[in-house]
Amino acid sequence: NNIERINELVANCNLPDEDLKVLLTTLNKSEEEYLYAKSSEVAKSVYGNKVFFRGLIEFSNYCKNDCIYCGIRRSNKNVERYRLNKDDILVCAKAGYELGFRTIVLQSGEDLSFNDEYICDIVKSIKDEYPDIAVTLSIGEKSYESYKKYYDAGADRYLLRHETINEKHYEKLHPEEMKLSNRIECLKNLKEIGFQVGCGIMVGSPYQTVENIVEDLRFMKEFEPHMIGIGPFIAHKDTPFKDEKSGTLEDTLHLLAIIRLMLPKVLLPATTALGTINPLGRELGIKAGANVVMPNLSPTNVRDKYMLYDGKICTGDEAAECRMCMQRRIESIGYEVEVSRGDYVDFAN
Ligand code: SAM
Ligand code: FES
């Protein structure tokens, strides 16, 4: 039964495909409680009673790609495009530093006007000014050489969700010019170069099957990323997926918990998308085994333009408000905020 499956997962950090599939589809309420008790216990045994804070700067919503699900895809003509320059980004980083953040995440669409030199210049400037900050990049698929340059400039971590490891499914979510093989190649290169690397998927993306999710779990278990970004898919009104159903809270929480049990040391955010589909989504995510949150540091005048999906929360809030709001939320469920760099537990540079 499912309790035995959960116990086996705790003991082996692994489970046969068929059992993963059963767990993902048949958990009742009391089994769910049991699963979350185990997954939060494992999270605490590795990282303590702590949730890591990352300050997120969404510095450009220009994108050369056309991912079918994404609100800032190049075909969406209704987006008011913006890009911050280096000075704007440094102002956000300073504000973040003063609010106590020791990880800054720089995320954008694939905006070619930020060439490698410019990205390196921004990374170097942040690292020179604040040597105790970790810089995470999330700017898409680049060549080995580009990634190497960012790393040499001082970038510490890189987030690139693989979105799905199933090629057929990948093709349903992306235009023909985008290839899953390239994305996976990117992830391998990032790891080889020495980044702490994050992959991940959307839960409940259109055409996703439970078999796909099991394949993703298999891939993540083998790849052993340092971070895994998962959150529900949420439709955006100006994309071809506008009428598709969102991923559910339950499915996302189940998956967070199973990921925690399969990869105990992974850094696992309770995402903004999870907070968007349910007002307490992030708190529930932490109780299911997530241990990272990423409050927004972007200037308020551009916040509502980085709309990946409808209804995104925190678009009107100042950085300091999100910082304090997240702290209150975390403390309300008995956890503590951890503002240090928060590296992967046994990451040796
Ligand atoms: N351009 C970079 C990249 O592709 O990695 C970073 C930005 S991209 C917008 C960040 C992530 O947003 C994607 O990996 C995707 O999983 C997520 N995302 C995009 N559209 C979404 C949607 N409609 N619902 C939920 N998540 C979405
Ligand atoms: Fe932004 Fe709560 S985290 S307002």
Exercise for the section: Scan 194, 229, 200 and give me the residue that is more than 25 Å from residue 306 (Cβ to Cβ) and modelled with pLDDT of 95 or more. Expected result: 194
Handout entry: Residues (over 26 Å from residue 224 (Cβ atoms) and of a type in the set (A, V, I, L, M)) located in the range 1-39
Key = 3
Fill in the blank from the handout: Only one of (1) over 22 Å from residue 40 (Cα atoms); (2) within 15 Å of ligand 1 (Cβ to nearest atom); (3) in contact (Cβ under 8 Å) with a residue 60 or more places away in the chain; (4) assigned to a helix (DSSP H, G or I) does not apply to residue 211, and that is (2)
Exercise for the section: Could you tell me which residue of the range 284-308 is farthest from ligand 1 (Cβ to nearest atom), considering only residues that are of a type in the set (A, V, I, L, M, F, W, C) and in a loop (DSSP other than H, G, I, E, B)? Expected result: 288
Exercise for the section: Quick one: residue 301 ticks every box in (1) more than 10 Å from ligand 2 (Cβ to nearest atom); (2) in contact (Cβ under 8 Å) with a residue 12 or more places away in the chain except a single one, so which number is it? Expected result: (2)
Practice task
Give me the pairs, please: first residue somewhere in the range 332-349 and farther than 15 Å from residue 270 by Cβ and among the small types (Gly, Ala, Ser), second residue anywhere and modelled with pLDDT of 95 or more and part of a loop (DSSP other than H, G, I, E, B), beta-carbon distance under 9 Å, and either six or more positions apart or on two chains.
Solution key: 340/102; 340/132
Exercise for the section: Can you give me the ranges of the strands (runs of 3 or more DSSP E) entirely in the range 23-114 with at least 2 residues that are more than 21 Å from residue 330 (Cα to Cα)? Expected result: 55-60, 103-108
Practice task
Considering every residue within the range 235-246, establish whether at least one is outside any loop (DSSP other than H, G, I, E, B), of a type outside the set (Lys, Arg) and touching a strand residue (DSSP E or B) at 6+ places or on another chain (Cβ under 7 Å).
Solution key: no
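Specify the residue that is surrounded by the fewest Cβ atoms within 10 Å (Cβ to Cβ); the eligible residues are those in the range 311-322 that are modelled with pLDDT under 95 and more than 8 Å from ligand 2 (Cβ to nearest atom).
Start the filter on the range 311-322 by keeping residues that are modelled with pLDDT under 95, which leaves 314-322.
Applying the additional criterion that residues be more than 8 Å from ligand 2 (Cβ to nearest atom) yields 315-316, 318-320.
Working: 315: 16, 316: 9, 318: 15, 319: 24, 320: 13.
My answer is 316.
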Exercise for the section: Answer yes or no: is there a residue in the range 162-180 that is among the charged types (D, E, K, R) and buried (at least 21 other Cβ atoms within 10 Å of the Cβ). Expected result: yes
Exercise for the section: Given the conditions (1) out of contact with any Cys (no Cβ under 8 Å at 6 or more places or on another chain); (2) in a loop (DSSP other than H, G, I, E, B); (3) closer than 30 Å to residue 91 by Cα, report the number of the one that residue 230 does not fulfil. Expected result: (2)
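Just to be sure, is residue 178 under 23 Å from residue 55 (Cα atoms), in contact (Cβ under 8 Å) with a residue 60 or more places away in the chain and not charged (D, E, K, R)?
Working: under 23 Å from residue 55 (Cα atoms): no; in contact (Cβ under 8 Å) with a residue 60 or more places away in the chain: yes; not charged (D, E, K, R): yes.
When the stated conditions are applied, residue 178 does not pass them.
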Exercise for the section: Only residues that are in a loop (DSSP other than H, G, I, E, B) and basic (Lys, Arg): list them for the range 247-283, please. Expected result: 265
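The values are calculated or read from the model by the stated rules, or taken from the named source; none is laboratory data. Remember, predicted model here, so these are calculated numbers, not experimental data. Note that we place each Cβ from the backbone using ideal geometry, even for glycine, and neighbour counts take in every protein chain shown.
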